[in-house]
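Below is one structure; the comments refer to it alone.
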Amino acid sequence: MNNKIYALIGPHACGKGDIIMRLAGMGIHYIASYTTRPPVKYFTSMPIYNFVSKEEFLQRDFLVKSTYKGDYYGFLKKEILDSLQEYPISVIMVDTIILKQLSKLLKDSFESIFVMCDYVSLVERMLKLGHTNSEIKYHLEYAENNGEFDTWKVTNHIIKSLPSEERMTAQALSIMGLSQTLPPEEFKARTKKR
């Protein structure tokens, strides 16, 4: 089996960061992107991004890079290639441009997972993150105008964003082949009429 990188993608606040943090907490290797975006208050428990200045960003050797909402994002060539050598499974968070670039470059060593989320759930999540109404409007309009809700059409897998982070993580683990089949006796016991 080839080592793989799984990319999570979806609109802002769909739960990608929650899934990534839970997977990393289980020991799955996470590759953080580099960005010129200023740090935000709602990513506190784990560094989702490596924050750098624009000057520092432009000096780095990226395998892929893009701009998203006016900021630069990229993945270092060395970190991607080292991950494919050293880890059976790695996870990353990407935008549509980087998704397409990595799909072409990494081929069979790359799979993508779209985190599907409805508008109401997105608004609820953004409110919990502390976004203002104008910020919520901006993120939803950006996602709509840039086709972020249609990205599922170019991904390998889709998981449904749910209120339960455990259930979302279970979906991702299953896609990665990290869920476990029950022994036949236990399967029978759980499915047998009582």
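Here, each number is a calculation from the coordinates, and none is a lab measurement. It should be emphasised that the depicted structure is a prediction, and the values quoted were computed from it without experimental measurement. Positions of Cβ are generated from backbone atoms using ideal geometry, with glycine treated the same way; all protein chains shown enter the neighbour counts.
Here are the numbers for the structure shown:
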read-out	value
HN-Hα J in Hz across region 47-56 - Karplus 6.51, -1.76, 1.60, θ = phi - 60°, x for Gly and Pro	x, 6, 10, 9, 8, 9, 6, 4, 4, 5
Three-way shape call for region 54-96 based on the alpha-carbon gyration tensor, with the a/c threshold at 1.5	oblate
Separation of the GLU141 and THR191 label points, Cα + 7 Å toward Cβ, nm	5.1 nm
Length released on extending from ASP82 to ASN156, taking residue separation times 0.36 nm less the Cα-Cα span	24.3 nm
DSSP-defined beta bridges in the chain - what % are antiparallel, rounded to 5	30 percent
Longest to shortest principal axis, alpha-carbon extents of region 56-147, angstrom	43, 29, 22
Residue-wise HN-Hα coupling along region 101-116, computed from phi with Karplus coefficients 6.51, -1.76, 1.60 (Hz; x: Gly, Pro)	5, 5, 4, 6, 6, 9, 6, 6, 8, 9, 9, 10, 10, 8, 9, 7
Highest to lowest packing among 118-126, 175-183, scored as the average C-beta count within 10 Å	118-126, 175-183
Kirkwood-based shape ratio for region 39-194, expressed as Rg/Rh from alpha carbons	1.02
Residue with peak Gaussian network fluctuation, the chain [Cα springs, cutoff 10 Å], from GLY74, GLY27, GLY15	GLY27
5 angstrom amide H check on LEU76, placed H, neighbours 5+ away	TYR34, LEU63
GNM top mover of VAL91, VAL52, VAL115 - the chain, alpha-carbon springs below 10 Å	VAL52
Farthest toward positive dipole pole in region 126-194 [+1 Lys/Arg, -1 Asp/Glu at C-beta], among SER164, TYR142, SER179	SER179
Part-to-part distance (alpha-carbon centres) for region 115-192 and region 20-79, which is given in Å	21 Å
Cβ-placed point charges (K, R +1; D, E -1), dipole of the chain about Cα centre in debye, nearest 20	520 debye
LYS104 versus SER53: modelled label distance in nm, points set 7 Å from Cα along the beta carbon direction	3.3 nm
Nitroxide proxy distance, nm - points 7 Å out along Cα→Cβ at ARG37 and ASP71	0.5 nm
